[in-house]
Amino acid sequence: MATLAPTSRLIEKGRRFSLASLNLHASPSAGFEAPMDMLVACHERVQRSLDLLGRLQRHLETTGCDDSASSAAHDVLRYFDLAAPLHHQDEELHVFPVLLAGSDTALRALARELIEDHRQMEMAWVTARVVLVAIEQDATGALQLSAAQTAALSDFADLYALHIEREEGLAYPAAVGQLSVADLQRMSLDMMARRGLAS
């Protein structure tokens, strides 16, 4: 992921931001009535899915492809097929536009980089997904990943680390400062509607 110089300065400055000080509580139980908290909770779910992916890779190395591996692959597939795209849409519809419309050139650059990160993640997921489907559907237990397949899984996971750090440390705090109560209500309703939930 390319990082522009202004964004690098923002990252250092952003380390002083605290989500708690902005009333962004990273809680898996956060609800849609607090949409920014929900975005942070989604990041926790992303991390849990990536942790599961890491454990799956270690399991394949030590034990091989068995029912546990198939089940783990299924769970990772389900999260990144269904929930992750909706999360990216939430950000691209409600968080990044606020930064792009602002006067801060570094924040505008950051928003463009984060959008590009999403495109890179989508492309990396296409490759990683093929590997996970093979693991999930292996009926013989004899599947062994090639170096390229292992790299596809690791590369996909690696894309998320700096991305989430920059979102929580910089993009979210900056957006929270510019979103009105009405904006947050619209965001909440939109997030629920796209998930087929009643308001």
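Derivation of every value follows stated rules applied to the coordinates shown; laboratory data play no part. Model, not experiment: these values are computed from the prediction. Note that we place each Cβ from the backbone using ideal geometry, even for glycine, and neighbour counts take in every protein chain shown.
Order the peptides 157-165, 99-107 from the highest to the lowest mean number of other Cβ atoms within 10 Å of their residues.
Values: 157-165: 16.7, 99-107: 14.3.
The most tightly packed comes first, giving 157-165, 99-107.
Give a residue-ordered list of calculated ³J(HN,Hα) values for the stretch 31-47 (Karplus: 6.51 cos²θ - 1.76 cosθ + 1.60, θ = phi - 60°; whole Hz; x for Gly, Pro).
Ordered by residue, 3J(HN,Hα) equals x, 5, 5, 10, x, 5, 4, 5, 5, 5, 4, 5, 4, 5, 5, 4, 4 Hz.
Among rounded, prolate and oblate, which fits the stretch 24-122 when a ≥ b ≥ c are the square roots of the eigenvalues of its C-alpha gyration tensor, a/c under 1.5 means rounded, and a/b larger than b/c means prolate?
prolate
Mind listing the phi-derived Karplus ³J(HN,Hα) values for the stretch 82-92, rounded to whole Hz, using 6.51, -1.76 and 1.60 with θ = phi - 60°, and x for any glycine or proline?
After applying 6.51 cos²θ - 1.76 cosθ + 1.60, I find 10, 7, 4, x, 5, 4, 4, 5, 3, 5, 6 Hz.
By per-residue mean of other Cβ atoms within 10 Å, what is the highest-first order of 145-154, 48-57?
Top to bottom by mean Cβ count within 10 Å: 48-57, 145-154.
Given 25 °C and 0.890 mPa s, how large is the Stokes-Einstein diffusion coefficient of the stretch 86-199 in µm²/s, with Rh as the Kirkwood radius over Cα pairs?
Details: Rh = 16.3 Å.
Result for D is 150 µm²/s.
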